[in-house]
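Each reported figure results from applying straightforward, stated rules to the coordinates on display, with no laboratory input. Small disclaimer: the values here were computed from a predicted structure and weren't measured. Counting neighbours? That spans all protein chains shown, and the Cβs are built from the backbone with ideal geometry, glycine included.
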Amino acid sequence: MADVKKHDTPMCDELKKGPWPSFVDDVEQRGLHGKQECLDMLGQLELSYKHKETHWKHGGIVGVFGYGGGVIGRYSDVPELFPSVAHFHTIRVNQPASKFYSSAFLRKLCEIWDHRGSGMTNFHGSTGDMVLLGTKSDQLEPVFFDLTHQMGCDLGGSGSNLRTPSCCIGKARCEWSCLDTQAICYDLTQTFQDELHRPAFPYKFKFKVSGCPNDCVAAIARSCCSIIGTWKDDIRIDQSAVKAYMGGEIKPNAGAHGDRDWGKFDIQKEVIDLCPTKCMWMDGDTLKIDNRECTRCMHCINVMPAALRPGTDVGATILVGAKAPILEGAQMSTLAIPFIRMEPPYDEFKEFVDKIWGWWMEEGKNRERFGELIQRFSIQKFLKVAELKPIPQMVKEPRSNPYVFWSAEEVEGGWKRDIAEFRKRHAA
Amino acid sequence: MAVDKEELKKKVLEFATKKAAHKSKMYIKDLYAADPNASPREVKNAANELVREGKLEFFSSGSTTMYGVPGFGKTLEGAFEEEK
């Protein structure tokens with residue numbers, strides 16, 4: 001066994017019990033095989049449990065030359081107790097689109113990290129990056145050099161930057177994907193390199209791309225600009241497969257709930273009655289859909305994937321302004337563009353992004369997310385800036401908000417009135 | 001109206017240096033005041049070029065990034081060295 005010192009960590013050890021794999025086990029094993037940083041990190045964690053407060057300080061001027069993001073400075077405030085984690089910086093590495101790796105790539109990355117850092121990783125961070133946990137300041141440039149020259153990958157976003165764009169598995173593995181999510185994610189990453197690596201904004205900004213409305217990357221909940229695949233034409237129906245579902249020859253939900261006997265499949269109860277817009281019905285033994293009323297909830301397609309498929313006239317719905325609950329609670333993103341073609345070079349989409357970034361950079365307060373800016377000004381102001389026309393889908397219900405403000409340019413003749421002319425018709 | 005880049009860089013550096021005397025770390029938005037005629041993106045580009053030249057430096061809180069002037073204010077790394 002390597003010459004390492006294990007700290008006494010009774011509270012951390014409690015976490016090894018129970019049915020799930022424990023990070024304490026994994027970190028400790030790596031530590032006992034020669035990484036003192038891992039044991040020191042657990043020692044400091046134990047101290048934090050005891051004191052009920054963190055012993056990490058974060059931030060500062062750490063990074064690689066020319067980049068304002070990608071490295072998060074982290075220091076122990078008890079370095080005399082845990083000297084090997086005195087500097088323990090986190091490095092975010094831009095993940096490949098849809099997180100496809102070869103085992104050779106992962107081995108090489110781990111080799112670099114074992115050599116230059118703590119050997120601990122976090123696959124993946126919430127934004128999607130590969131997170132390399134814990135290294136010293138003098139190792140940052142060598143790690144960056146190795147990542148870029150040997151691995152062909154780059155640092156991800158952190159700070160007031162565009163964060164690493166992320167996408168679902170898309171057409172690579174999913175029959176429902178209406179978009180080439182990897183191509184969009186890669187194009188945005190390349191186009192906005194400067195915004196990704198150098199601080200440009202009042203706060204962070206996130207793009208996430210989902211191939212269909214199932215939204216597997218939760219773009220609608222987590223990104224400032226969600227790009228979600230959709231279709232314009234009709235849901236494709238294979239009536240013989242519908243009958244096969246009804247007859248029990250094909251398992252609903254592709255057998256995903258097959259571990260229990262839920263009884264015979266009932267298309268009325270399990271599909272038609274659950275349609276949020278009630279746009280489906282059975283005409284004899286034929287399934288009918290009024291596609292004009294469909295909101296792309298995907299429920300029927302998820303239940304009967306062999307019978308129903310998204311249409312073929314595909315594009316994306318763009319929504320803006322989701323965020324986590326730091327200020328005023330969590331917020332889902334709001335519909336901005338119901339349908340946009342997403343074909344290279346994505347010029348129409350990029351023009352939209354330019355407009356909203358321009359507004360945010362001009363008007364956004366320090367540490368104000370894009371969704372909060374819309375909240376502070378109004379959807380109306382956002383639509384004006386983005387040069388979008390309001391549509392009924394943008395309001396929850398009609399005629400419930402009396403505070404509709406017209407601007408002078410929206411009214412014929414503006415606000416100017418000829419009082420003399422007015423008085424001719426109306427006595428004072 | 002496009003602003004001369006070198007002129008803008010000079011203004012941003014002057015503004016940041018003056019401000020650094022009482023507030024050593026600035027948001028990008030604070031730097032917009034260096035030249036009200038320049039667009040936010042022009043100021044951002046000028047400030048980032050100054051960082052590349054070593055005349056300004058980034059300071060990160062982890063979630064937000066700020067700009068500083070080398071020599072003004074403490075860096076966390078500096079504070080850490082002092083504690084040792």
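Within region A:224-288, the chymotrypsin sites (Phe, Trp or Tyr not before Pro) that combine a DSSP coil assignment with at most 14 other C-beta atoms in a 10 angstrom radius are A:Trp262. Under the simplified labelling scheme, the A:Trp281-A:Leu15 pair shows an inter-label distance of 5.7 nm, with each label point 7 Å from Cα along Cα→Cβ. Taking the empirical scaling 2.2 N^0.38 Å for compact globular proteins as reference, chain A has a Cα radius of gyration ratio of 1.23. Farthest towards the positive end of the charge dipole of region A:236-309, among the residues A:Pro252, A:His299, A:Thr286, is the Cα of A:His299, using unit charges on the Cβ of Lys, Arg, Asp and Glu.
Using the Karplus relation 6.51 cos²θ - 1.76 cosθ + 1.60 with θ = phi - 60°, the per-residue 3J(HN,Hα) values for region A:65-76 come to 4, x, 9, x, x, x, 10, 10, x, 9, 9, 7 Hz, with x marking Gly and Pro. Cβ-Cβ distance of A:Glu351 and A:Arg107, R₀ of 45 Å, FRET efficiency by 1/(1 + (r/R0)^6): the value works out to about 0.60. Legend: ranking of residues A:His197, A:His115, A:His58 from fewest to most surrounding C-beta atoms inside 10 Å; resulting order A:His115, A:His58, A:His197.
Once region A:1-43 is represented by equal point scatterers at the alpha-carbon sites, with solvent omitted, what log10 I(q)/I(0) does the Debye formula produce at q = 0.25 Å⁻¹? The computed values of log10 I(q)/I(0) come out as -0.81. Placing +1 on the Cβ of every Lys and Arg and -1 on the Cβ of every Asp and Glu, with no other charges, gives chain A a dipole of roughly 920 debye about its Cα centre. Residues A:Met41, A:Met342, A:Met332, arranged from fewest to most other Cβ atoms within 10 angstrom of their Cβ, appear as A:Met332, A:Met342, A:Met41. Taken about its Cα centre, region A:150-301 carries a charge dipole of roughly 460 debye when the Cβ of each Lys and Arg holds +1 and the Cβ of each Asp and Glu holds -1. Principal semi-axes of the equivalent ellipsoid, √(5λ) from the alpha carbon gyration tensor of region A:236-309, are 19, 13, 11 Å from largest down.
Local charge for A:Phe265 was computed over the other residues whose Cβ lies under 11 Å away, with Lys and Arg +1 and Asp and Glu -1, and equals 0.
Peptide A:49-60 has a mean shielding of 3, counted as Cβ atoms of other protein chains within 10 Å of each residue's Cβ. Peptide A:350-362 shows a mean partner chain C-beta count of 2 within 10 Å per residue C-beta.
Remark: region A:243-254, residue by residue, has Karplus-estimated 3J(HN,Hα) of 4, 5, 5, 5, x, x, 7, 10, 6, x, 6, 6 Hz, where x stands for each Gly or Pro and the curve is 6.51 cos²θ - 1.76 cosθ + 1.60 at θ = phi - 60°. The loop-placed GluC sites (Glu not before Pro) in region A:46-96, going by DSSP, that have at most 13 neighbouring Cβ atoms within 10 Å of their Cβ come out as A:Glu53, A:Glu80. Farthest towards the positive end of the charge dipole of region A:260-359, among the residues A:Tyr346, A:Thr312, A:Thr277, is the Cα of A:Thr277, using unit charges on the Cβ of Lys, Arg, Asp and Glu. Loop-resident trypsin sites (Lys or Arg not before Pro) (DSSP state other than H, G, I, E or B) in region A:154-233 with no more than 16 further Cβ atoms inside 10 Å of their Cβ: A:Arg173, A:Lys232.
Among the listed pairs A:Lys365/B:Lys18; A:Lys350/A:Lys384; A:Lys323/B:Lys25, those with a Cα-Cα distance over 20 Å are A:Lys365/B:Lys18; A:Lys323/B:Lys25. For A:Arg74, the amide hydrogen comes within under 5 Å of the amide hydrogens of A:Gly59, A:Phe88, A:His89, A:Thr90, counting only partners 5 or more places away or on other chains and with H modelled in the peptide plane. Peptide A:198-211 has a mean of 4 when you count, residue by residue, the C-beta atoms of other protein chains within 10 Å of its C-beta.
In chain A, helical runs assigned H by DSSP with n ≥ 4 each contribute -39500 (n - 2.57); averaged across all residues and rounded to the nearest 500, the mean residue ellipticity at 222 nm is -8500 deg cm²/dmol.
What is the helix-to-structure angle for A:140-149, meaning the angle in degrees between its Cα long axis and the longest Cα principal axis of chain A, kept from 0 to 90 and rounded to the nearest 10? Compared with the principal axis, the helix lies near 60 degrees. Backbone phi angles across region B:26-38, fed through the Karplus curve with coefficients 6.51, -1.76 and 1.60 (θ = phi - 60°), yield HN-Hα couplings of 10, 6, 4, 5, 5, 6, 4, 5, 4, 8, x, 7, 8 Hz in residue order; Gly and Pro are listed as x.
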